[in-house]
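This report concerns only the one structure given below.
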Amino acid sequence: MTIHISSSRLGAILSKSKNKKIAVIGDVMLDKYVYGDISRISPEAPVPVIDTKKTEYKLGGAANVANNIKALEAEPILIGVIGHDNDSKDYIKVMKSLKLSTIGIFRDKSRPTTAKTRVISHSQHVLRVDSEKKHDLSNDLRNKILAFVKSNLKNFEAVIFQDYNKGVLTKELITGIITLCRKAKKPVYVDPKFTNFFEYRDVTIFKPNRKEVSDILAMTVDGDQSAVEAGRKLIDRLNCEYLVLTRGEKGMMLFDKENGKTVMLNIPTKARRVADVSGAGDTVISTIAVAIAGGATITEAVLLANQAAGIVCEEVGIIPIYKKALIDSLKN
């Protein structure tokens, strides 16, 4: 199957999706980048001493999905949990600087804001320090999030689950939100992780990557044949409408249950040169959601997501996909 999407068609899709609200629910994170120079070894221990020059703050986890949606000019409503600490203040500052709504951000005194601090010297990643707790949300906080979703669901074009196994997406919360969405006939898109993998049943689009599928099925997923086998197993077990398997440098596979038969579309990667794959999965789920909100077919949405992932993989670091970059790539 060969489908060409013109830049004018993409422009029409993104024009229609502009300002439409898409909820993103999951584990939000603060990414801190500390840049400096190493010129000596500590006299206290055999470790390098870094003289810091600057610190940058960026959004990670589910917050990066929201940032991608915003960059494509739809309106993300990010729903997540942060702590009562200094990192939470920096996190909110970054959200506001990106003009992201903080209405769905809840605070939990029992956990720190999930933060990853990366130390960079002479363009080398020297050290990473994580601050997090992964225990499940309290029943009270879970009920507050459910109530928020229920009261705002009519305004959402779709709901995205962005799971990083940090404790926000509990089994009860997942089931509760999927039930609300099914009753309201709102599409549900899932970017899963191992722990809750099979809790996301009966959703619209399920988007695992190759490693996640290999781990959960305890099978090697390398060539096309094994990917097809894995995709068929998952779409049947999860009973999802569509399954999008991302395969790194091998592109993506789309599985579609149509009249009880699995139909597949194999899409090769679009990156001309791969500099950094970080955040590409976030770009994929974001682009799919925005494209469908703008009237794209599932095939168009996945093709556009593949194109978008190829663009961000050509850049170093986690960057969002911007509307102009995606349109210009189709012109070329």
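Remarks
- Test: residue in segment 88-99 that is at pLDDT 95 or above, among the β-branched types (Val, Ile, Thr) and exposed (fewer than 14 other Cβ atoms within 10 Å of the Cβ): no
- Against the test of being surrounded by 15 or more Cβ atoms within 10 Å (Cβ to Cβ), hydrophobic (A, V, I, L, M, F, W, C) and at pLDDT 95 or above, the options ALA227, ALA271, ALA291, ALA280 yield a single qualifying residue, ALA291.
- All of (1) crowded, with 17+ Cβ neighbours inside 10 Å; (2) touching a strand residue (DSSP E or B) at 6+ places or on another chain (Cβ under 7 Å); (3) of a type in the set (A, V, I, L, M); (4) not in a loop (DSSP other than H, G, I, E, B) hold for LEU173 with one exception: (2).
- Near pairs, Cβ below 7 angstrom, 6+ apart or cross-chain, from segment 234-259 (outside any strand (DSSP E or B)) to any residue that is surrounded by 20 or more Cβ atoms within 10 Å (Cβ to Cβ) and among the small types (Gly, Ala, Ser): ARG247/ALA227
- Residue match in segment 4-11 (condition: over 30 Å from VAL263 (Cβ atoms), surrounded by 15 or more Cβ atoms within 10 Å (Cβ to Cβ), out of contact with any Gly (no Cβ under 6 Å at 6 or more places or on another chain) and in contact (Cβ under 8 Å) with a residue 60 or more places away in the chain): no
- Screening VAL149, VAL119 for residues that are surrounded by 14 or more Cβ atoms within 10 Å (Cβ to Cβ) and either more than 22 Å from TYR33 (Cα to Cα) or under 17 Å from the mean Cα position of the chain (by Cα) (or both) leaves exactly one candidate, VAL149.
- Filter result for ASP130 (among the charged types (D, E, K, R) and crowded, with 19+ Cβ neighbours inside 10 Å): no
- Per-region count, segment 69-87, residues assigned to a helix (DSSP H, G or I) and either without any contact (Cβ under 8 Å) to a residue 40 or more places away in the chain or over 27 Å from VAL284 (Cα atoms) (or both): 2
- Selection over segment 46-60 of residues that are assigned to a strand (DSSP E or B), loosely packed, with under 15 Cβ neighbours inside 10 Å and of a type in the set (A, V, I, L, M, F, W, C) gives a count of 1.
- Scan of segment 25-62 for residues that are touching a residue at least 24 places away in the same chain (Cβ under 8 Å) and β-branched (Val, Ile, Thr), ordered by number: ILE25, VAL28, VAL34, ILE38, ILE50
- Verdict on LEU98 being within 24 Å of ILE311 (Cα to Cα), within 16 Å of the chain's Cα centre (by Cα) and of a type in the set (A, V, I, L, M, F, W, C): no
- Among (1) buried (at least 18 other Cβ atoms within 10 Å of the Cβ); (2) within 30 Å of PRO268 (Cα to Cα); (3) among the polar types (S, T, N, Q), the one test that SER15 misses: (1)
- Among (1) small (Gly, Ala, Ser); (2) in a helix (DSSP H, G or I); (3) over 22 Å from ASP191 (Cβ atoms), the one test that ALA63 misses: (3)
- Filter result (among the aliphatic types (A, V, I, L, M) and either farther than 16 Å from GLY26 by Cα or assigned to a strand (DSSP E or B) (or both)) within segment 103-152: ILE105, ALA115, VAL119, ILE120, VAL126, LEU127, VAL129
- Matching residues in segment 1-36 - criterion: being under 30 Å from ARG107 (Cα atoms), assigned to a loop (DSSP other than H, G, I, E, B) and not acidic (Asp, Glu): LYS18, ASN19, LYS20
The values are calculated or read from the model by the stated rules, or taken from the named source; none is laboratory data. Everything quoted here is computed from the prediction, not taken from an experiment. Glycine gets a Cβ as well: all are built from the backbone with ideal geometry, and neighbour counts include every protein chain shown.
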